[in-house]
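Participant: Have a look at the structure that comes next, please.
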Amino acid sequence: MTANRSFEFNTVPSLQVEWSGAKRLAEILAARFAARNALVVTDAGLVKAGVVAPIAAGLKAGGFAVSVFDAIVADPPESVLAQCVEQGRAAKVDIVIGLGGGSSLDVAKLAAVLLKSPQALSAMAGIGNVKGDRLPLALIPTTAGTGSEVTNISIITTGATTKTGVVSPQLYCDYVLLDGELTIGLPPLHTAATGIDAMVHAIEAYTGRHKKNPISDALGREALRMLGGSLVAACKDGRNRAARENMLMGATLAGQAFANSPVGAVHALAYPLGGHYHVAHGLSNALMLGPVLRFNATAAAALYAELADVLLGPGTGTTRQRCDAFVAGMEKLMNDSGAPRRLREVGVTEDSLTMLAADAIKQQRLLINNPVDVTEADALALYREAF
Ligand SMILES: NC(=O)c1ccc[n+]([C@@H]2O[C@H](COP(=O)([O-])OP(=O)(O)OC[C@H]3O[C@@H](n4cnc5c(N)ncnc54)[C@H](O)[C@@H]3O)[C@@H](O)[C@H]2O)c1
Ligand SMILES: [Fe+2]
């Protein structure tokens, strides 16, 4: 788990940070793209929160034709992606704008590909299997969480419960707008869960077994500093502008880190909770983080000790003591955030833990990055600890 000295780093070509920037989206996009017929991919919760209407109106006033697809649901299934592509095709759109949390952005990314280069989703699954190019793509996150705006990953639910990952360079978008104002209405519980997801991205990228490198390390550390310093403030007062901006920036930095040094066992064990129980992605990560940190501490103590200095400020003690301080610091943050802390509190039943463990072990794409090997028996013990 030493950082690679020979590596490749990729990210999106352009990222703009601007409070209230969404208000002048038409002007921004018109200056960058020739396209004027937009598909806005979003969800009904954001429409209800009043985020979508002013943006759509602003685009129209700025000369864009706009088709809004607002049927995205959490852990989006393949059928919703197909409907989204169908709507975009009928409207003959020439640019895709993802506006929302990770669920909306993940679908927007794949829709931009499928509208230009039709391919079966099953053939795109896995790493590097997307064949064609895509329509122009702009992403505007409204949660400070997944980092999907800067990753080359889309997660789609296939069949009844399986989370399928598509990882390909075409999924890096052309342009990201980080407008913290859009996150003001994100309720406290979602703020907590999505913020912890982002912190997990930073931590897991930092302890990645194969792809950790000096750039992902720098991004992960700065992400953890910004997110750790603002999570509780953003949960307590959603209108705290500085906290909202730090969370959004931190989540994006963490996204850039894990796009290049992928996540590990926390995510592998979180996915079955989303698939089977529809526990929100961020919350399922929060529930598994404590047990996995303690499990990984055997191999990752020195790295967790480094992260203790980032999260809590410089301190003294042995490596093991600093590692324990980091784990305790993360537990305290999660307690203070108000997020549920045990699987039993979110509807998971004890008799399903063996099934969850069998499912988690299928996420080898992620488990290979974990600093410690995870067997099915380990996974079961981790779910028991989280229960
Ligand atoms: N592509 C990636 O790299 C990546 C990484 C991690 C997770 N994911 C995926 O992302 C999805 C989770 O995304 P998420 O955690 O951002 O949640 P989400 O997109 O599912 O949104 C959660 C809820 O928050 C609401 N919401 C979002 N922003 C809001 C705002 N500003 N104001 C009011 N309400 C708002 C939405 O309406 C929705 O009901 C999962 O499907 C997960 O698998 C993708
Ligand atoms: Fe995540």
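Each value in this text was obtained by applying a stated rule to the coordinates, not by laboratory testing. Note that the structure is a prediction, hence the values are computed from the model and not measured. Cβ coordinates were reconstructed from backbone atoms using ideal geometry, including for glycine residues, and neighbour counts include every protein chain displayed.
Participant: Taking every Cα atom in region 188-386, find the radius of gyration and the maximum pairwise distance Dmax, and write them in Å.
Facilitator: Expressed in Å, the Cα Rg and Dmax of region 188-386 come to 15.6, 45.
Participant: Using helices alone, I'd like the mean residue ellipticity at 222 nm for the chain: each DSSP H run of four-plus residues gives -39500 (n - 2.57), total over residue count, nearest 500.
Facilitator: It lands at -16500 deg cm²/dmol.
Participant: Further question on the same structure: Evaluate E = 1/(1 + (r/R0)^6) for H276 and S122, where r is the Cβ-Cβ distance and R0 equals 22 Å; express this FRET efficiency to the nearest 0.05.
Facilitator: Computed FRET efficiency for H276 and S122: 0.55.
Participant: Could you work out how far apart the two model spin labels at R294 and K60 are, taking each label as a point 7 Å from the Cα in the direction of the beta carbon, and quote it in nm?
Facilitator: With each label point 7 Å from Cα toward Cβ, the separation is 5.5 nm.
Participant: Using a Förster radius of 22 Å, what is the FRET efficiency between K131 and E86 based on their Cβ-Cβ separation? Nearest 0.05, please.
Facilitator: The pair K131/E86 has a calculated efficiency of 0.60.
Participant: Could you give me the radius of gyration and the Dmax of region 72-162, taking only the C-alpha atoms into account and expressing both in angstrom?
Facilitator: Both quantities, over Cα of region 72-162: 12.2, 32 Å.
Participant: Let me spell out the model: positive unit charges on the Cβ of Lys and Arg, negative unit charges on the Cβ of Asp and Glu, origin at the Cα centre of the chain. What dipole size does that give, in debye rounded to 20?
Facilitator: That gives a dipole near 500 debye.
Participant: What ranking of K212, K48 emerges when the number of other C-beta atoms within 10 Å of each C-beta is taken as an exposure proxy, fewest first?
Facilitator: Fewest-to-most Cβ neighbours within 10 Å comes out as K48, K212.
Participant: Volume per residue, Å³, of the convex hull around the alpha-carbon atoms of region 212-277?
Facilitator: So the per-residue Cα hull volume is 97 Å³.
Participant: Now a separate question. Tell me the label-point distance for the pair T354, S79, using the 7 Å Cα-to-Cβ offset, in nm and rounded to one decimal.
Facilitator: Rounded to a tenth, the inter-label distance reads 3.2 nm.
Participant: Using only the alpha carbons, work out the radius of gyration and Dmax of the chain in angstrom.
Facilitator: Radius of gyration, then largest Cα-Cα span, for the chain: 19.8, 63 Å.
Participant: How do S6, S67, S168 rank when sorted from fewest to most other Cβ atoms within 10 Å of their own Cβ?
Facilitator: Going from least to most buried by this count: S6, S67, S168.
Participant: Let me ask you something else. E8 label point, 7 Å along Cα→Cβ, cut-off 17 Å on backbone N: hits in region 126-152?
Facilitator: 126-133, 151-152
Participant: Can I ask one more? Quote the convex hull volume per residue of region 172-292, based on C-alpha atoms, as a whole number of Å³.
Facilitator: Considering the Cα atoms of region 172-292, their hull volume per residue is 109 Å³.
Participant: Ok, one more. Rank the residues S337, S103 as a footprinting-exposure proxy: fewest other Cβ atoms within 10 Å of their Cβ go first.
Facilitator: S337, S103
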